[in-house]
Amino acid sequence: LGIFQPEGIVYLVSKCNDLGLCGIQCGNVLGFAGELYQRGILTREDMGFELRWGDVKSFARLMELIARREGIGEILAEGSYRAALKIKELKGVDVAKYAVCEKGEAIGAHGIRSGLDYPPVIAYACSVQGGDHTSVAGLPPERVPSELMSGFQDSAVICGFNLKEKYYELGWKMLRAVTGWNITMTEWNEVLGPRMLTIQRVMLLLGGPDLFWDPRIHDDNPSRFYEPLPSGPRAGRAVKREEVMAEKRRYYASLGWDEYGIPKPSTLKKLGLEKLEPAIKRIKERLRVS
């Protein structure tokens with residue numbers, strides 16, 4: 001948002017909390033709106049006021065409109081992805097490339113372009129939870145960070161900050177000590193974790209009442225991630241799509257999924273998930289693949 005003064009940041013974070021908004025989703029949609037205003041796609045007439053980078057008061061005002069679903073806030077309250085769809089209808093301009101989202105979920109501050117942050121290049125593109133920075137895809141799947149590890153942390157109710165890779169074995173000892181369950185790391189990595197992840201993948205591909213994801217299109221990063229970083233110590237660095245696509249194929253294969261990321265029959269049998277076969281059939285019919 002172009003706001004770098006500590007007092008301004010603290011004020012907006014506090015206001016976000018007071019309004020009951022998500023700091024990540026709200027911050028993303030504020031930045032989305034700010035860029036559309038800068039580019040002249042959203043105007044003062046749309047906003048009801050000037051929206052300038054670095055202006056704490058104007059972003060705080062927009063936050064209130066979002067919380068109350070008033071004016072432009074009615075659209076932005078839907079989040080960056082759905083707001084982009086609505087603004088396209090209203091303005092006749094495709095603004096999806098300005099919405100930094102994955103599978104409809106806004107991505108937070110953890111990007112993949114610099115190579116200095118923890119998410120790998122397929123972190124969001126292959127995640128069953130889209131833009132969720134706490135559940136990123138990675139290779140090998142049993143590494144940290146990865147969705148198998150995130151799934152274990154969430155299931156065991158262990159904070160990810162306290163379970164870094166070198167302390168991972170300690171997490172299993174804690175689980176056994178607290179619950180008495182004799183689940184091993186190998187059992188989780190080879191059966192229980194992939195079972196959970198495969199169920200999530202099938203649910204994702206089934207879609208919802210009004211949104212469906214085509215893995216050939218949507219298992220990819222936001223277009224912004226393929227643009228070079230404009231500034232900072234890693235200025236000019238970007239991710240190459242061919243690298244992402246290669247990693248995506250490897251990730252699918254490592255979990256027993258086909259070229260579209262659809263779990264194979266042999267994988268369902270191995271994991272005891274044969275009951276998902278009708279759902280797989282529906283997914284393939286919708287995607288028109290065999």
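Structure data summary
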item: Residue match in segment 85-95 (condition: touching a residue at least 40 places away in the same chain (Cβ under 8 Å), assigned by TED's automatic domain parsing to the domain that holds L21, under 13 Å from the mean Cα position of the chain (by Cα) and buried (at least 17 other Cβ atoms within 10 Å of the Cβ)); result: no
item: Boolean, G108 is surrounded by fewer than 13 Cβ atoms within 10 Å (Cβ to Cβ) and either in contact with a strand residue (DSSP E or B) (Cβ under 8 Å, 6 or more places away or on another chain) or not aliphatic (A, V, I, L, M) (or both); result: no
item: Set G272, G236: member being at pLDDT below 95, in a loop (DSSP other than H, G, I, E, B) and in the same structural domain as E190 (by TED's automatic domain parsing); result: G236
item: Boolean, P230 is at negative phi and in contact with a helix residue (DSSP H, G or I) (Cβ under 9 Å, 6 or more places away or on another chain); result: no
item: Residue count for segment 68-81, restricted to those that are surrounded by 17 or more Cβ atoms within 10 Å (Cβ to Cβ), out of contact with any Gly (no Cβ under 7 Å at 6 or more places or on another chain) and assigned to a helix (DSSP H, G or I); result: 4
item: Extreme residue, modelled with the highest pLDDT, among residues of segment 1-37 that are in contact with a Cys (Cβ under 9 Å, 6 or more places away or on another chain) and surrounded by fewer than 19 Cβ atoms within 10 Å (Cβ to Cβ); result: L19
item: Hits in segment 53-100 - residues which are charged (D, E, K, R), under 14 Å from G31 (Cα atoms) and in contact with a helix residue (DSSP H, G or I) (Cβ under 6 Å, 6 or more places away or on another chain); result: K97
item: Selection status of H110, in contact with a Pro (Cβ under 6 Å, 6 or more places away or on another chain) and not hydrophobic (A, V, I, L, M, F, W, C); result: yes
item: Every pair of residues 6+ apart whose Cβ atoms lie under 8 Å, when the first sits in segment 97-120 and is closer than 19 Å to S150 by Cα while the second is of a type in the set (D, E, K, R) and assigned to a loop (DSSP other than H, G, I, E, B); result: E105/D132; H110/D117; G111/D117
item: Filter pass, L51 being buried (at least 20 other Cβ atoms within 10 Å of the Cβ), in contact with a Gly (Cβ under 9 Å, 6 or more places away or on another chain) and part of a loop (DSSP other than H, G, I, E, B); result: yes
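The values are calculated or read from the model by the stated rules, or taken from the named source; none is laboratory data. Remember, predicted model here, so these are calculated numbers, not experimental data. Every residue, glycine among them, receives a Cβ derived from its backbone with ideal geometry; neighbour counts consider all protein chains shown.
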